[in-house]
Amino acid sequence: MLGVAGLAVAVADGGTTLIWLRRVLDGWMIAGSLLTLGWVLLLHRADQSGNAFGSLQDLTRVATDTLVFGLLVALRYSLKRPERTATTVAALALTVLTASDMLRILMPAPGTWYGIPCAAACSITGLLLIAVAPWLAGGTSVADIDQRIMPVVGVVAAFVPVAICVLAVTAHTMVGGHTDMVLLILAGLLPISLGIRQGIIHADHLRITREATTREALYRALVDGTRDVITIISLDGRVLYVSPAAHHVFGYRPEDLLGARLPLYCHPDDLTPLMQAVETLRQEAALGIRGPGRRVSCRVRHADGRWCHVESTVSHHTEGMIFSSRDVTDRVIQREQLEHLAFHDALTGLPNRALFTDRVAHALRKRTTHAAPPAVLFMDLDGFKAVNDSAGHAVGDTLLIHAARRLQASVRAEDTVARLGGDEFAALLEGEAGTHPSHAKDVAERILSALTQPYQIAGKEALVSASIGMTLAVPGVTPDELLSQADEAMYEAKRAGKGRIRMHIPPSRQAGHSPSPEARQTATSLQASGQPAAHGAGQRPRAAGTPNP
């Protein structure tokens, strides 16, 4: 009896009070129906032999087997499927033992089968099965039950004990057996127990409904209160739900988005990563895999026509996929501004020295044997310090801005113009401009002419000129060497009288190697115009200029 009580505690452990009561009633209905059947058999035997005490002893054994059998059945459906083997075998063993006891009740002298007593054979078989049961799967897992859920068929199975009771009493009455108070009590308690059980189930369903309603209200409060847009999309890409935040973030009413399909207002250039993430989740869902969520960044068109930068986490959902999206446009703009400030001059907006050096290195790397060598121009404004000191820093800054615009207008869009610091500028000429030294010289003369034109600033006229040094890349030259060569040529132009252009002719890197005829011809033309060419040996007289204070 202690073992039976322990099993009862194990079955009823966990769950609410209503669930515990329902399990108790289930156990009583199973046991009560079998007890009713046993009592009918007891009355039948008493009518035949008159030995009521012996029949009562046999009935006690049947009742014990019945109770333990009911508990084992409850345990079997509480365990996970791989852990049911032991309880299934134990229930089968008790069934066999019960059959043995029933044979002794119905047949005081049970017959034999091939010389083997039927009742004894059933008893031995049942005991062997009980001995084997603890060693099978689930035999030691009863105490570790985490979740006990009765199957759906339990709702219908609850009527089976009542049906057994009714059939037993009906059959007993039809064969002329007498009815006593115990039989009437047993037969009456089972329908009452069934009614109470159904009421408990109804109350439990009401409790579950209230809890579900509370959880749904909490969920909606969380979803509606967040600034993230929650979107549930079916596996075929149809929008099933959109949180109210969509109107604040994207300008669309949630009800207008229901039924729409992916891609939803996504930028054409961002379709590939979005659809790849969606397709991955579809494949995982088809295979029954719930992998980790995917993070996708894309641009989404706002209702007012502008593009919003959106970060979304795409995860599995019972109805397909769930998108948790956040507008990160401000963060993207701030990051782009920081990146721009890191590589651009704050005053003129031109690339700074770091970005210009990187562009030069890139031009040298992508150059092939037959491609035109890039050219670098180094420029310094002559007379800028006098204007800056006499007219003030505001006028000086304005002059630098105008000079930067004139520089940009003097080169092609694919060329790079940079402010290196103070009144020093540089230009990287690629493609046709570097095909021949004379082409680079033409660009340099165009820049010089543009920079020496008068500047109208605050109703006053400011005049400056420029000294320009230029160099062409040769095989093996580094970005720093190329900039240094152009810098040296620029200072050579200053020493020659300012407002001039000088070209750097690199010394031979190999024995017997001399400058190209084009470079010599350009240097000769510069000399003929009164602008002697620098030959790379000059020393830099002062440090590079600093930003205008």
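Below is a table of values for the structure above.
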| quantity | calculated |
| --- | --- |
| Sole exception among (1) in contact (Cβ under 8 Å) with a residue 24 or more places away in the chain; (2) touching a helix residue (DSSP H, G or I) at 6+ places or on another chain (Cβ under 8 Å); (3) farther than 30 Å from residue 160 by Cα; (4) of a type in the set (A, V, I, L, M) for residue 189, by number | (3) |
| Sole exception among (1) in contact with a strand residue (DSSP E or B) (Cβ under 8 Å, 6 or more places away or on another chain); (2) open to solvent by less than 50 Å² (accessible area, probe 1.4 Å) for residue 305, by number | (1) |
| Of all residues making up the stretch 373-407, the number that are open to solvent by 10 Å² or more (accessible area, probe 1.4 Å) and under 52 Å from the mean Cα position of the chain (by Cα) | 8 |
| Tabulated pairs, the stretch 453-479, first without any contact (Cβ under 8 Å) to a residue 12 or more places away in the chain, second buried (at least 21 other Cβ atoms within 10 Å of the Cβ) and in a strand (DSSP E or B), C-beta under 9 angstrom, 6+ apart or interchain | 454/462; 456/462 |
| Every residue from the stretch 201-236 that is open to solvent by less than 40 Å² (accessible area, probe 1.4 Å), at pLDDT 80 or above and touching a Leu at 6+ places or on another chain (Cβ under 9 Å) | 203, 231, 232, 233, 234 |
| One residue from 282, 253 being under 17 Å from residue 312 (Cα atoms), open to solvent by 40 Å² or more (accessible area, probe 1.4 Å) and of a type in the set (Lys, Arg) | 282 |
| Any hit, the stretch 449-461, residues being over 14 Å from residue 424 (Cα atoms), touching a strand residue (DSSP E or B) at 6+ places or on another chain (Cβ under 6 Å), open to solvent by less than 60 Å² (accessible area, probe 1.4 Å) and in a loop (DSSP other than H, G, I, E, B) | yes |
| Any hit, the stretch 499-512, residues being aliphatic (A, V, I, L, M), out of contact with any His (no Cβ under 9 Å at 6 or more places or on another chain) and at pLDDT below 85 | yes |
| Among (1) more than 30 Å from residue 241 (Cα to Cα); (2) open to solvent by 20 Å² or more (accessible area, probe 1.4 Å); (3) among the polar types (S, T, N, Q), the one test that residue 348 misses | (2) |
| Qualifying residues in the stretch 215-257 (those that are polar (S, T, N, Q) and part of a loop (DSSP other than H, G, I, E, B)) - the one nearest to residue 306 (Cα to Cα) | 243 |
| Residue within the stretch 263-275 that is open to solvent by less than 80 Å² (accessible area, probe 1.4 Å), under 14 Å from residue 320 (Cβ atoms) and either modelled with pLDDT of 90 or more or in contact with a strand residue (DSSP E or B) (Cβ under 6 Å, 6 or more places away or on another chain) (or both) present | no |
| Flag for residue 387 being among the β-branched types (Val, Ile, Thr), over 23 Å from residue 431 (Cβ atoms), touching a residue at least 40 places away in the same chain (Cβ under 8 Å) and out of contact with any Phe, Trp or Tyr (no Cβ under 8 Å at 6 or more places or on another chain) | yes |
| Selection count, the stretch 285-302, where residues are loosely packed, with under 15 Cβ neighbours inside 10 Å and touching a strand residue (DSSP E or B) at 6+ places or on another chain (Cβ under 6 Å) | 3 |
| Residue within the stretch 397-405 that is of a type in the set (Ser, Thr, Tyr), more than 14 Å from residue 377 (Cβ to Cβ) and assigned to a helix (DSSP H, G or I) present | yes |
| Residue within the stretch 431-442 that is open to solvent by less than 50 Å² (accessible area, probe 1.4 Å), outside any loop (DSSP other than H, G, I, E, B), at pLDDT 90 or above and on the phi < 0 side of the Ramachandran plot present | no |
| Selection count where residues are free of Cβ contacts under 8 Å to residues at least 60 places away in the same chain, at negative phi and open to solvent by less than 70 Å² (accessible area, probe 1.4 Å), scope the stretch 165-178 | 1 |
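The values are calculated or read from the model by the stated rules, or taken from the named source; none is laboratory data. Source: prediction; values computed, not measured. As a convention, Cβ positions derive from the backbone with ideal geometry for all residues, glycine included, and neighbour counts pool all protein chains shown. Each accessible area value is taken on the protein alone, full model and side chains, heavy atoms only, with ligands, DNA and RNA left out. Shrake-Rupley method; radii C 1.70, N 1.55, O 1.52, S 1.80 Å.
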